[in-house]
Amino acid sequence: MKAHGLALLLAFLPLQTLGQEASTGLGAELRVLDKLNGIVTDIPLRTGETATLGHLRINLQECRFPNDNPSGDAYADLLVMYRDAEEPAFDGWLIASAPALNAMEHPRYDVWVLRCIRS
């Protein structure tokens, strides 16, 4: 499913984005919305780290950004688990400039990437 999600993601990216050189960040800043209580939480994560927020466990696998516009966009590869479920709530790439393109579909939580951490 992850390869399928990436293929779908690449199919919708603008052609100019595909030709850009990208760098890998040291981590990412994520935003999580708990839809039940309306609380928004920003989470800085380093690559490989896992954060727990409420019933979520969020693992950042990679964050990439365009070399020519490092603060302009971020692409984060996340694995999100809900409670003790065997299947992930989300496993794939999120794009800061297009959060709905490959959004996490969950009844309680929204997760999106804000930016890569570069230093």
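Some points to look at:
- Computed E for GLU105/GLN61 - FRET, C-beta separation, R0 25 angstrom, nearest 0.05: 0.85
- Sites listed here are trypsin sites (Lys or Arg not before Pro) in the stretch 46-110 whose DSSP assignment is loop and whose Cβ has at most 14 other Cβ atoms within 10 Å: ARG83, ARG108.
- Phi angles of the stretch 82-96 translate, via the Karplus equation with coefficients 6.51, -1.76, 1.60 and θ = phi - 60°, into HN-Hα couplings of 10, 6, 9, 4, 6, 8, x, 6, 7, 8, x, 9, 10, 10, 4 Hz per residue; Gly and Pro are given as x.
- The stretch 31-75 shape via C-alpha gyration tensor axes, a/c threshold 1.5: oblate
- Overall form of the stretch 42-119: prolate. Here a/c, set by the Cα gyration tensor axes a ≥ b ≥ c, is 1.5 or more, and a/b is the larger of a/b and b/c.
- Close amide-amide hydrogen proximity is noted between ALA89 and VAL80, MET81, TYR82, each under 5 Å apart and 5 or more residues distant or on a separate chain (H modeled in the peptide plane; Pro and chain starts excluded).
Quick note: the coordinates plus some simple rules give every number you see, no bench work behind them. Being a predicted model, the structure only gives us computed values, none of them experimental. Glycine gets a Cβ as well: all are built from the backbone with ideal geometry, and neighbour counts include every protein chain shown.
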